[in-house]
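Quick notes on the structure that follows.
Taken together, the values in this text are just the output of simple stated rules run on the coordinates, not laboratory data. On a predicted model such as this, the values are computed, not experimentally measured, just so you know. As a convention, Cβ positions derive from the backbone with ideal geometry for all residues, glycine included, and neighbour counts pool all protein chains shown.
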């Protein structure tokens with residue numbers, strides 16, 4: 001009975017989403033206040049209904065209701081309870097329900113804040129979100145309902161969750177990532193509302209900013225978690241593979257980063273108005289494109305869901321309608337927008353313009369690399385894949401250039417920057433960072449690439465400090481009271497920029513200073529890598545809740561030190577339901593290095609193929625991601641937005 | 001020219017130059033870094049280039065996996081049920097690698113017609129077949145059908 005209620009509740013929520021898409025818009029054009037005020041209750045009812053469906057599906061998983069097809073495909077009575085819950089988003093249908101659930105969450109958040117917007121703006125924003133919700137709800141209901149029943153032949157047990165997904169990383173990664181993806185639909189809704197109402201002044205940028213910063217923070221954390229999960233779960237020790245699906249999440253992040261910066265210019269100075277609107281539309285489109293790439297199976301990827309052409313076509317149509325519609329609206333309206341303000345070539349506007357150009361180039365780089373196999377195939381030129389060397393060679397120089405400018409940008413002033421403000425700190429930082437990098441590189445014996453990267457790193461750190469110091473030392477008050485007065489927005493920016501640099505340090509060191517070996521080892525053997533001695537103690541069979549495993553024990557010594565550094569127990573698991581083999585790597589995580597060990601295959605005799613890595617500073621990659629996320633949240637929580645909202 | 005217009009023109013020209021340079025570089029880098037996929041039949045027919053990075057794939061032939069007794073070197077054959085190619089690899093094979101499974105390998109074809117792989121990919125879901133492999137199998141299937149048809153019609 002419950003699954004039917006879940007399905008019914010979804011259908012009902014589609015009805016409310018459709019009303020939400022239409023009623024406030026009719027109210028807007030008919031100037032009917034009553035219809036406009038319907039927007040908030042309609043949103044809340046729609047969201048509640050989606051919540052009901054989501055809870056019902058979760059209950060079906062937790063109570064092992066295998067009469068539901070989706071549950072029987074993705075769960076098993078032996079599965080630990082927390083994985084039963086996370087199995088809700090372990091397949092296509094449920095993850096789409098999660099997507100819709102999070103979308104409705106964002107809609108209600110906007111609905112609850114709707115009073116802080118002018119009375120004819122808020123309802124239109126909700127109506128645009130209603131259109132987006134209608135699209136995704138119909139996608140869910142018509143092509144991928146998670147509530148389809150297997151009656152009357154109810155299976156005795158389920159087919160189990162894919163072992164790769166039976167992991168803490170999968171419990172948290174998809175919801176956080178979707179919070180980011182879907183959050184950009186709010187920025188999109190504000191942009192489209194600005195186009196509909198013709199109010200393309202600075203105010204829409206001010207309303208959209210905290211929402212954009214918040215979803216950007218979630219997307220950052222989601223990507224970081226995904227990278228961390230891939231690192232320890234896939235057993236290859238890589239943290240980024242330029243896989244199409246990773247790219248699908250990275251493109252909205254790049255575009256979203258550009259959007260954050262151009263929203264700042266539009267709000268503060270009223271320039272780049274039409275560009276910012278366009279960027280909001282593009283960011284959202286890239287989120288949709290990501291959904292299309294993952295769910296249609298057009299690209300080969302480790303993440304692909306089983307391919308179903310009708311789903312691909314549905315989401316492509318959705319993409320074309322939403323993006324095409326908003327671009328059409330843009331084409332009609334953008335001509336009316338005129339920027340009356342001009343700016344100098346040294347002003348902060350120009351620096352942020354440069355930021356936007358470079359981020360756009362980076363997005364294009366990833367976009368072309370990701371779609372190139374599709375284009376190639378469509379032109380019948382053959383099946384190709386674009387490898388990591390392409391992305392590394394094109395992406396890296398542009399990204400480094402962007403980070404160089406990231407150091408200078410914050411120092412600049414709106415409109416025009418007096419040269420004296422920039423030149424002094426830049427010269428000083430250049431000398432200082434060059435010196436520090438030279439010392440470091442000579443001391444560690446690194447090459448040219450490391451020197452360039454570390455110069456950039458020190459450059460940003462120095463300039464950020466100069467900027468902060470010049471802000472707190474101005475005026476007659478003491479440094480600490482001044483430091484407290486600086487807005488959260490500013491500290492958010494500082495934290496996010498330093499996060500980029502921390503990630504860069506991690507990336508550089510992990511790629512130039514790591515050691516790896518693939519060896520054939522039997523119990524009793526030892527191997528020596530990068531000053532560490534790995535001793536293969538023994539191998540044993542163990543039994544988990546839904547798997548059996550071979551577990552090896554390695555003791556690691558530092559050369560010349562009798563006390564062990566770590567004991568590592570990598571496993572090779574055989575999941576009994578699916579008869580699927582999984583590698584469970586063993587890690588000894590550290591601030592400056594990770595020891596990473598995973599079992600390959602069992603070879604003849606007692607020998608095993610063993611992968612051993614010593615990864616330098618790999619944690620810094622994710623530490624930087626967390627700093628960026630906190631920076632984004634800090635910016636979203638700036639007091640300014642709350643104050644303006646109350647006025 | 002009016003100074004504001006001049007400045008605007010300057011900005012637009014700068015943007016156009018940067019973007020076209022970027023797109024040019026991107027396309028150039030793409031040309032250098034694409035890996036074409038070849039089926040075992042294409043490789044045996046001599047359609048695939050030697051000593052260039054390409055991808056090859058098919059079903060792993062049952063009983064063809066041979067491991068070296070001292071090192072991690074391994075050879076196996078992949079087939080599209082028309083022809084098969086020997087792949088040589090040194091390292092650890094992925095968890096889902098097994099006989100009868102569809103795989104894709106990346107590497108170079110040497111002068112003896114052996115594919116020297118530097119990477120072997122098997123997918124993370126046992127139901128999943130790499131699209132290149134399934135298409136190669138379909139194509140091979142078609143030629144077989146055609147052959148059977150022509151043989152039947154000649155008889």
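Take the Cα of residue A:172, step 7 Å toward its Cβ, do the same at residue A:539, and the gap between the two points is 3.4 nm.
What is the calculated FRET efficiency for residue A:553 to residue A:62, with r their C-beta to C-beta distance and R₀ = 45 Å, to the nearest 0.05? Once the sixth-power term is evaluated, E becomes 0.80.
How high is the FRET efficiency from residue A:468 to residue A:431, r the C-beta distance, R0 22 Å, rounded to 0.05? Using R0 = 22 Å, I get an efficiency of 0.65. With the cut-off at under 18 Å, measuring from each backbone N in region B:71-95 to a point 7 Å along the Cα-to-Cβ line of residue B:47 picks out B:78-86. Modelled spin labels at residue B:17 and residue A:154, positioned 7 Å past Cα toward Cβ, are 7.3 nm from each other.
At full extension, residue A:317 and residue A:12 could sit 107.5 nm farther apart than now, given 0.36 nm per residue minus the alpha carbon distance. Annotation for region A:507-573 versus region B:11-80: alpha-carbon center distance of 32 Å. In a fully extended conformation the segment linking residue A:443 and residue A:113 would gain 113.3 nm over its present Cα-Cα distance, using 0.36 nm per residue.
In chain A, helical runs assigned H by DSSP with n ≥ 4 each contribute -39500 (n - 2.57); averaged across all residues and rounded to the nearest 500, the mean residue ellipticity at 222 nm is -22000 deg cm²/dmol.
Relative contact order, whole percent, for region A:1-75 stands at 35, derived from Cα pairs under 8 Å and 6 or more residues apart. Normalised by the number of residues in chain A, the mean separation of alpha-carbon contacts (under 8 Å, six or more apart) gives a relative contact order of 12 percent. Shielding by partners for peptide B:24-33, expressed as the average number of C-beta atoms from other protein chains within 10 Å of each residue's C-beta, is 6.
I want the antiparallel fraction of DSSP beta bridges within the protein assembly as shown, as a percent rounded to 5. DSSP beta bridges in the protein assembly as shown are roughly 95 percent antiparallel. Size descriptors for the protein assembly as shown: radius of gyration and Dmax over Cα atoms are 28.4, 104 Å. Mean per-residue shielding of peptide B:85-94 is 3, counting Cβ atoms of other chains within 10 Å of each Cβ. Whole angstrom only: what separates the Cα centroid of region A:328-394 from the Cα centroid of region A:102-153? Comparing the Cα centres of region A:328-394 and region A:102-153, I get a distance of 29 Å. For the peptide A:377-389, the mean number of other protein chain Cβ atoms found within 10 angstrom of a residue's Cβ is 5.
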